[in-house]
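Comments concern the structure below.
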Amino acid sequence: MDDEILDRLERRLGRLHAKQRLGIETDHELRVFGGGLNFFHIENWYSAPIVVRTALKLTGLYWRAQKNAERIAVLENVVCSRKLPDRFHDFTILHISDLHVDMNERAMRNLADLLPRLNYDIAVLTGDYRGKTYGPFEPTLDGLARVHARLTAPVYGVLGNHDTILMVPGLEAMGIRMLLNECEPLIRGNQRIHLAGIDDAHYYRVDNIEKAASDIPDGEFSILLSHTPEIYRQAAHAGFDLLLSGHTHGGQICLPGSIPLTLDSVLPRRMGAGAWEYGNMAGYTSVGVGSCIVPVRLNCPPAITLHHLRRV
């Protein structure tokens, strides 16, 4: 491990958070490679890409699914709230999730071509920058830097279950403000809203919503970034007005009608893709840009989303 990166992490996040996250990551990699307790996940099964490719080729769907994974859609979502300050009416957030940048170079090139055509006030990245859940991350940072260079507004991000915390210094060096159980006010004139983000709540479970929300005054509009939507209950009861997440890929390989075979998440299926509500909180689960295991998509095209905040 690079001592300089570790030192920067401890100064940035505190020794306890850095030590805890790195220790859990080490335990995770041991399980992936057969050490410790048995750990099975299809993402970490060495034969999974071969099995998926073979199954799709036998059905004649492989080449179509591969092309689908390269065609990125731009979706739009309107979020209405009485709590939104006047100056933030029509504030637009570009939401990008699950890039897995080292999995599909052509999809990343298509994304880079799309970005300059869009208008937005901030961009948010909801995790899973790396293709695998372990191993080198330098190619991921290189690929993400090429995408980041096409973004024209402040960029905020959180980590996903594929991402090591050792990526944080590199991500922030390229200009991405990482929110790891932290909150940042967004200010327009004399008004503000709050943007919070939590560390991964899926594999590593080092999320701390209480800490992220601790500086948000009651009654002020707040947004939470989380890689996974599985924490929707906690987020809603903590008073967040909007939860932006990803992780599910919308299923990635779906039956006709966009019916997912699996969402790899413990949550209602209606929350697996697109806009939804829970209590007083609006939510949105991005289907993501990249692909997992194999760069293929069926009945679930990759997408980025423009969220338009509206005061009502």
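For the chain, the carbon plus sulfur part of the accessible surface works out to 51%, probe radius 1.4 Å. Going by the alpha-carbon gyration tensor, a ≥ b ≥ c the square roots of its eigenvalues, is the stretch 87-199 rounded (a/c under 1.5) or, if a/c is not under 1.5, prolate (a/b greater than b/c) versus oblate? The shape class here is oblate.
Using only alpha carbon pairs under 8 Å that are at least six residues apart, calculate the relative contact order of the stretch 54-193 and give it in whole percent. Result for the stretch 54-193 is 22 percent.
Based on Cα contacts under 8 Å between residues 6+ apart, the chain shows a relative contact order of 24 percent.
For the chain, build the charge dipole from Cβ charges (+1 Lys, Arg; -1 Asp, Glu) around the Cα centre, then report which of L144, F221, M103 sits farthest towards its positive end. The one lying farthest along the dipole's positive direction is M103. For the stretch 159-227, rounded, prolate or oblate, judged on the Cα gyration tensor with a ≥ b ≥ c (square roots of eigenvalues), a/c < 1.5 rounded, else prolate if a/b > b/c? The shape class here is oblate.
Averaged per residue, the chain has 45 square angstrom of accessible surface, using a 1.4 angstrom probe with ligands and nucleic acids left out. Cα centroid separation, the stretch 139-175 to the stretch 182-211: 17 Å. 3J(HN,Hα) couplings calculated from phi for the stretch 278-295 with the Karplus curve 6.51 cos²θ - 1.76 cosθ + 1.60 (θ = phi - 60°) are, in sequence order, 9, x, 8, 9, 8, x, 8, 10, 6, 7, x, 9, x, 9, 10, 6, 9, x Hz; Gly and Pro show x.
Taking the stretch 269-297 and a reference point 7 angstrom along Cα→Cβ of R109, the backbone N atoms nearer than 19 Å belong to 289-291, 295-297.
The lysines whose alpha-carbon is closer than 25 Å to the alpha-carbon of K57, local same-chain residues fewer than 8 away aside, are K67, K132. Its DSSP H runs of at least 4 residues, each contributing -39,500 (n - 2.57), put the calculated 222 nm mean residue ellipticity of the chain at -8000 deg cm²/dmol, to the nearest 500. Within the chain, the longest run free of exposed loop sites, counting trypsin sites (Lys or Arg not before Pro) that sit outside DSSP helix and strand states (H, G, I, E, B) and have at most 16 other Cβ atoms within 10 Å, spans 206-312. Dipole of the chain computed with +1 at Lys/Arg Cβ and -1 at Asp/Glu Cβ about the Cα centre; of A273, T59, G246, farthest Cα towards the positive end is T59.
Once a ≥ b ≥ c are taken as the square roots of the eigenvalues of the Cα gyration tensor of the stretch 216-291, is the result rounded (a/c under 1.5), prolate (a/b larger than b/c) or oblate (a/b not larger than b/c)? Here the stretch 216-291 falls in the prolate category. Which Cα, out of I304, I176, I193, lies furthest along the positive dipole direction of the chain (beta carbon charges, K/R +1, D/E -1)? After comparing all options, I get I304. P139 sits among other residues whose Cβ lies under 9 Å from its own Cβ, and their net charge, with Lys and Arg +1 and Asp and Glu -1, is -2. Normalised by the number of residues in the stretch 259-307, the mean separation of alpha-carbon contacts (under 8 Å, six or more apart) gives a relative contact order of 24 percent.
The values are calculated or read from the model by the stated rules, or taken from the named source; none is laboratory data. Small disclaimer: the values here were computed from a predicted structure and weren't measured. Because the Cβ atoms are built from the backbone with ideal geometry, glycine has one as well, and the counts that use them run over all protein chains shown. Accessible surface areas use protein heavy atoms only, side chains included; no ligands, DNA or RNA. Shrake-Rupley method; radii C 1.70, N 1.55, O 1.52, S 1.80 Å.
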